[in-house]
């Protein structure tokens, strides 16, 4: 998933969603026309300092992804 996030943040032309099951499932949310929200758990404990730091750095990369959310409308014809 990290490779996909990096490629999306850099604006790569080809994104390898097929490498991981999770990225295949989240393809529409990660790089599609949806608005994506990410939650990061941070721990105040010194024991979890490195994990918290890594999570925040990952979230910073995710924040650099620019999606173009659009409204999907279907018109009914009678």
*Residues being surrounded by 11 or more Cβ atoms within 10 Å (Cβ to Cβ) and within 13 Å of residue 64 (Cβ to Cβ): count how many of those fall in the stretch 11-22.*
1
*Identity of the residue in the stretch 35-49, modelled with pLDDT under 85 and in contact with a helix residue (DSSP H, G or I) (Cβ under 6 Å, 6 or more places away or on another chain), that ends up surrounded by the fewest Cβ atoms within 10 Å (Cβ to Cβ)*: 38
*Of all residues in the stretch 23-34, which are out of contact with any helix residue (DSSP H, G or I) (no Cβ under 9 Å at 6 or more places or on another chain) and surrounded by 12 or more Cβ atoms within 10 Å (Cβ to Cβ)?*
29, 32, 33
*asked:* Just the residues that are part of a helix (DSSP H, G or I) and over 21 Å from residue 23 (Cβ atoms), please, taken from the stretch 36-55.
replied: 46, 47, 48, 49, 50, 51, 52, 53
_Just checking, does the stretch 59-73 include any residue being within 10 Å of the chain's Cα centre (by Cα), over 20 Å from residue 13 (Cβ atoms) and surrounded by fewer than 11 Cβ atoms within 10 Å (Cβ to Cβ)?_
yes
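The values are calculated or read from the model by the stated rules, or taken from the named source; none is laboratory data. All of these numbers come straight from a predicted model, not from anything done at the bench. Cβ: placed from backbone, ideal geometry, glycine included. Neighbour counts: every protein chain shown.
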